[in-house]
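First comes the structure, then the notes that go with it.
Where a number appears in this text, it was derived from the coordinates with a stated rule and is not lab data. Given the structure is predicted, the values throughout are model-derived calculations rather than measurements. All Cβ positions, even for glycine, are placed from backbone atoms using ideal geometry, and neighbour counts span all protein chains on display.
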Amino acid sequence: MTYAPPDDPQFLPFKLDTVGRRVLWLRFTMEQRRDAAFLDDRALPAQADGGWLPLESLLAHAPEATSPADAIFHIGHCGSTLLSRLVESWPSVQALREPLPLRTLAEAWPMLGQPQSRLSPDEAPRLLHSLWSRWSQPLPPYSRSVVKATSSCNGLIHPLLSQHTGRVVLLDMPLRPYLATLLKSPGSTHDAAHAAGERLADLHARGLAYGLALHAMSLPQQCAMGWLAERVRFDAIARQQGGRVLRMDFENLLVQPEHELQRLASHLALDPAGVSAALAAPAWGRYSKAQSHGYGRDDRAHDLALAMQRHGARIAEGEAWVEAFLQRHPQLHAAVTG
């Protein structure tokens with residue numbers, strides 16, 4: 001075999017196979033980690049170094065992190081990749097974006113305790129702990145890690161906070177630009193609709209979704225419902241966890257970047273002097289998921305204005321759904337719109 005033992009920090013757990021009960025370990029250099037917008041198949045090196053090992057290889061090699069990784073959770077298509085690249089402006093920070101095993105674990109989590117679950121209720125938290133311990137081991141010269149999760153992983157925020165002492169950033173944006181961002185792109189709309197099931201289930205678990213069903217909702221309504229469900233979830237988590245959680249609004253980051261980056265630095269205990277480097281980062285003028293393409297704040301503003309013009313009726317449909325929901329649940333008005 002050409003790969004090193006799983007306790008070598010150069011190797012990351014790249015995929016979880018819960019059916020075959022195995023984990024794919026792959027070597028990723030410092031540069032490969034920094035370049036990757038997604039740690040999934042799109043980030044595979046041309047000649048990947050690694051291989052599959054039993055699931056126990058992950059559970060048995062989980063060194064306790066001296067500095068647990070912090071996390072960015074978000075609602076999707078709201079600037080989280082840009083935020084993760086700005087965090088890399090601090091020379092001590094390594095960012096890992098959307099590692100695939102976290103998504104696999106998030107998909108499995110709602111099934112825990114059911115007969116068809118492939119993970120036991122005791123095993124899944126151990127896997128989460130092992131994964132996070134691994135992602136908390138940055139390669140030199142970095143001394144800290146920040147993990148940006150996929151938007152479908154928000155059901156893991158509470159379990160993660162109960163296990164680790166790291167801090168969490170919760171990123172979203174107001175409803176209208178969120179809907180415009182989604183509806184101008186069929187792929188983005190599909191992503192939000194795919195996540196709508198788990199988000200509706202979370203509303204049901206909070207006793208807030210009586211009579212709601214996805215099959216009775218249009219795509220704009222599903223997108224709006226998902227936004228509302230995440231606002232409710234984020235508000236509840238922030239209230240429960242206090243200083244461990246920072247709420248951020250992407251629109252505020254664009255309008256007053258220095259203020260928002262100072263808040264971020266304070267929350268993550270980063271050197272405040274690093275804010276200047278973050279303000280000057282080239283990521284502001286690049287498409288965050290493909291850094292070779294230019295795409296700045298003015299480009300985004302133009303695209304959103306065009307989307308609001310072209311998809312105004314569908315945006316209004318989503319806004320009307322949220323307004324009707326809040327009329328039925330006025331106690332949530334501050335949590336959702338504040």
Highest mean packing first, using Cβ neighbours within 10 angstrom, the peptides 295-301, 101-107, 80-86, 194-200 sort as 80-86, 101-107, 194-200, 295-301
Placed amide H near Gly51: partners under 5 Å, 5+ positions off or other chain:
Trp25
Setting aside same-chain residues fewer than 8 positions from Lys15, which lysines have a Cα under 16 Å from its Cα?
none
Pairing the Cα long axis of helix 312-328 with the longest principal axis of the chain, what angle in degrees results, from 0 to 90 and rounded to the nearest 10?
90 degrees
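Suppose the chain between His259 and Asp41 were pulled fully straight at 0.36 nm per residue; how much longer would it get relative to their current alpha carbon spacing?
Numbers: separation 218, 0.36 × 218 = 78.48 nm, distance 3.59 nm.
Computed gain between His259 and Asp41 is 74.9 nm.
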Can you tell me what share of the DSSP beta bridges in the chain is antiparallel? A percent to the nearest 5 is fine.
45 percent
Rounded to whole Hz and in sequence order, give me ³J(HN,Hα) for region 75-88 from the Karplus expression 6.51 cos²θ - 1.76 cosθ + 1.60, θ = phi - 60°, writing x for Gly and Pro.
9, x, 6, 10, x, 5, 5, 4, 4, 5, 6, 5, 4, 5
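Can you show me the helix-derived [θ] at 222 nm for the chain, built from DSSP H runs with n ≥ 4 at -39,500 (n - 2.57) apiece and divided by the number of residues, rounded to the nearest 500.
Mean residue ellipticity, 222 nm, calculated: -14000 deg cm²/dmol.
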Once the dipole of the chain is set up from charges on Cβ (+1 Lys and Arg, -1 Asp and Glu), the residue from the list Leu332, Val93, Ala106 lying farthest towards its positive end is Leu332
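For His194 and Ser266, what does the FRET efficiency come to when R0 = 30 Å and r is the distance between their Cβ atoms, rounded to the nearest 0.05? All intermediate terms of the calculation are to be shown ahead of the outcome.
Working: r = 35 Å, r/R0 = 1.16.
E(calc), rounded to 0.05, equals 0.30.
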Residues meeting the amide H criterion for Val147 (H placed from the backbone, H to H distance under 5 Å, 5 or more places apart or on another chain) are Asp70, Ala71, Ile72, Leu96
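Provide the gained length on full extension for the span Gln327 to Ala60, in nm with one decimal, where the gain is 0.36 nm per separating residue minus the Cα-Cα distance. Could you put the intermediate results ahead of the total?
Numbers: separation 267, 0.36 × 267 = 96.12 nm, distance 5.11 nm.
This chain segment gains 91.0 nm when fully extended.
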Cα axis of helix 257-267 to longest principal axis of the chain: angle in degrees, 0 to 90, nearest 10?
50 degrees
Once phi is turned into ³J(HN,Hα) by the Karplus curve 6.51 cos²θ - 1.76 cosθ + 1.60 with θ = phi - 60°, what whole-Hz value does each residue of region 102-113 show in order, with x for glycine and proline?
5, 5, 4, 5, 5, 5, 7, 4, x, 8, 4, x
With a 10 Å cut-off between alpha carbons and a GNM built on the chain, which of Pro110, Pro186, Pro99 moves the most?
Pro186
Output the relative contact order of region 1-136, whole-number percent, from Cα pairs under 8 angstrom with separation of 6+ residues.
30 percent
Efficiency by 1/(1 + (r/R0)^6): what FRET value for Asp122 and Leu214, r their Cβ-Cβ distance, R0 = 25 Å, to the nearest 0.05?
0.20
Testing the spin-label approximation: label points 7 Å from Cα along Cα→Cβ at Glu107 and Thr165. State their distance in nm.
3.5 nm
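Report the FRET efficiency, 1/(1 + (r/R0)^6), for Asn252 and Thr29, where r is their Cβ-Cβ distance and R0 is 51 Å, rounded to 0.05.
On the way: r = 35 Å, r/R0 = 0.68.
Computed FRET efficiency for Asn252 and Thr29 comes out at 0.90.
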Step through the residues of region 268-273 one at a time and calculate ³J(HN,Hα) from phi using the Karplus curve (6.51 cos²θ - 1.76 cosθ + 1.60, θ = phi - 60°), rounding each to whole Hz and writing x for Gly and Pro.
8, 6, 9, 4, x, 5
Between 0 and 90°, nearest 10: helix 219-241 axis offset from the chain longest Cα axis
60 degrees
Is there a quick way to get the dipole size of the chain? I mean about its Cα centre, with the Cβ of Lys and Arg at +1 and of Asp and Glu at -1; what is the value in debye to the nearest 20?
220 debye
